[in-house]
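To start, the structure under review is shown below, and the notes come after it.
The values are calculated or read from the model by the stated rules, or taken from the named source; none is laboratory data. None of the values given here were measured: they were computed from a predicted structure. Here Cβ is always computed from backbone atoms with ideal geometry, including for glycine, and neighbour counts include all displayed protein chains. Only protein heavy atoms, including side chains, enter the accessible area calculation; ligands, DNA and RNA are left aside. Shrake-Rupley method; radii C 1.70, N 1.55, O 1.52, S 1.80 Å.
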Amino acid sequence: MLRREDDGAVARLTMEAPDRLNALSDEMLAALAEAFESLARDRTIRAVVLAGDGRAFCAGHDLRQMQAKRQAEDGGAGALHDLFARCAQVMQAIPRLPQPVIAEVHGVAVAAGCQLVASCDMAVAAEGTRFGVNGVNIGLFCSTPMVALSRNVPRKRAFEMLSTGRLIETDEAMEIGLINRAVPAGDLRAASDDMARTVADKLASAVRVGKRAFYDQLEMGLAAAYAHTGEVMVANMLDRDTEEGIDAFLGKRAPDWRQD
C-alpha cells in the first residue's frame, strides 16, 4: 500500500495502489498517517519524496468506498465526517513534519490528489501531468482540497479550477505556483531525488526551525510575523552548527557540522 525506501538522509514514500490510481482510500490514509508519524520522530531523515506507482500520482478519494458508506443508518454522515477529518489530519501532518516533503507527480493529481500535491512543501512533475479539483464535474465541490489549493495559488485561479472542474497541465501548474518545476517523464525521479538531496545536505537544525517558522508566520499579521521570525533567527544564530557554518564560510572551508 505504501512503500518506504531510505537512501541516506532521504526517505522515499511510494503509494502502491495502481489499480485504483493510488486513491486515498481508508487504507492509504492510514498508511500515510503512520508513515508521517514515524518520520516525525526520525532524526536520520532530512528530506522526503512522496510518489505514486503506476499511471498516476493520485486520483483523489476512493469514490467506491465513499459510496459504500451510504449504507449506514445515517446515510453515511458519520463515516464521511470521519473520512474527511482523517484526510485533513494527513494533509496537516505534512507541513508539521520537520523534514521538507517533495511531491513527485506524474499522470494525474486530481481532487484530493491535487490537495496532496498542494500540501507538500515542494513539487516536481513530469511534463504533461494533469492537475485538477474536478469534483464539481460529478456534483461534489472539492471543498476540503480547496483549503490547500487556495493557500498555494492565486485566489481567482483556484476558484476557476474548483468551479469549472477544468484540468491544467504542468506549464500552467508551474505558472500559478502549484509545482516548482516540470521535467521530462524520464527525468522525474532524478529531478526529485536531486532536490531532496540538495535539501538533505543543508544543516538539519536550520531547515527544521525554518520550515516550522515558514508555516507559523503565514498565519500571522505582518508585525507579529517579523517579531516571531526575529526570535527564530536569534535561536538559529545561537546554534553551535550555525556558528560553525558562518566561521567556515568566512574561512573559505567546508563546515564541520554535527547534524543532530
So, residue 163, is that one open to solvent by 40 Å² or more (accessible area, probe 1.4 Å), of a type in the set (S, T, N, Q), in contact (Cβ under 8 Å) with a residue 24 or more places away in the chain and in a helix (DSSP H, G or I) or not?
yes
Return yes when residue 63 is hydrophobic (A, V, I, L, M, F, W, C), modelled with pLDDT of 95 or more and open to solvent by less than 40 Å² (accessible area, probe 1.4 Å) and no when it is not.
no
Can you list the helices (runs of 4 or more DSSP H) found entirely within region 184-260 that contain at least 3 residues being of a type outside the set (S, T, N, Q) and more than 30 Å from residue 124 (Cβ to Cβ)?
222-237, 240-250
With respect to residue 56, determine if the residue is among the small types (Gly, Ala, Ser) and in a loop (DSSP other than H, G, I, E, B).
yes
Scanning region 133-159 residue by residue, the ones that are among the small types (Gly, Ala, Ser) and more than 16 Å from the chain's Cα centre (by Cα) total 4
With the first residue restricted to region 24-50 and required to be within 28 Å of residue 66 (Cβ to Cβ), and the second required to be of a type in the set (A, V, I, L, M) and open to solvent by 60 Å² or more (accessible area, probe 1.4 Å), Cβ contacts under 7 Å at 6 or more apart or on different chains are 27/1; 28/1; 31/1
Just one of the numbered conditions (1) closer than 18 Å to residue 97 by Cβ; (2) in contact with a helix residue (DSSP H, G or I) (Cβ under 7 Å, 6 or more places away or on another chain); (3) open to solvent by 60 Å² or more (accessible area, probe 1.4 Å) is not true of residue 1; which one?
(1)
Condition met for residue 31 (modelled with pLDDT of 95 or more and assigned to a loop (DSSP other than H, G, I, E, B)):
no
Any idea how many residues of region 77-121 are out of contact with any Lys or Arg (no Cβ under 9 Å at 6 or more places or on another chain), under 20 Å from residue 204 (Cα atoms) and surrounded by fewer than 20 Cβ atoms within 10 Å (Cβ to Cβ)?
1
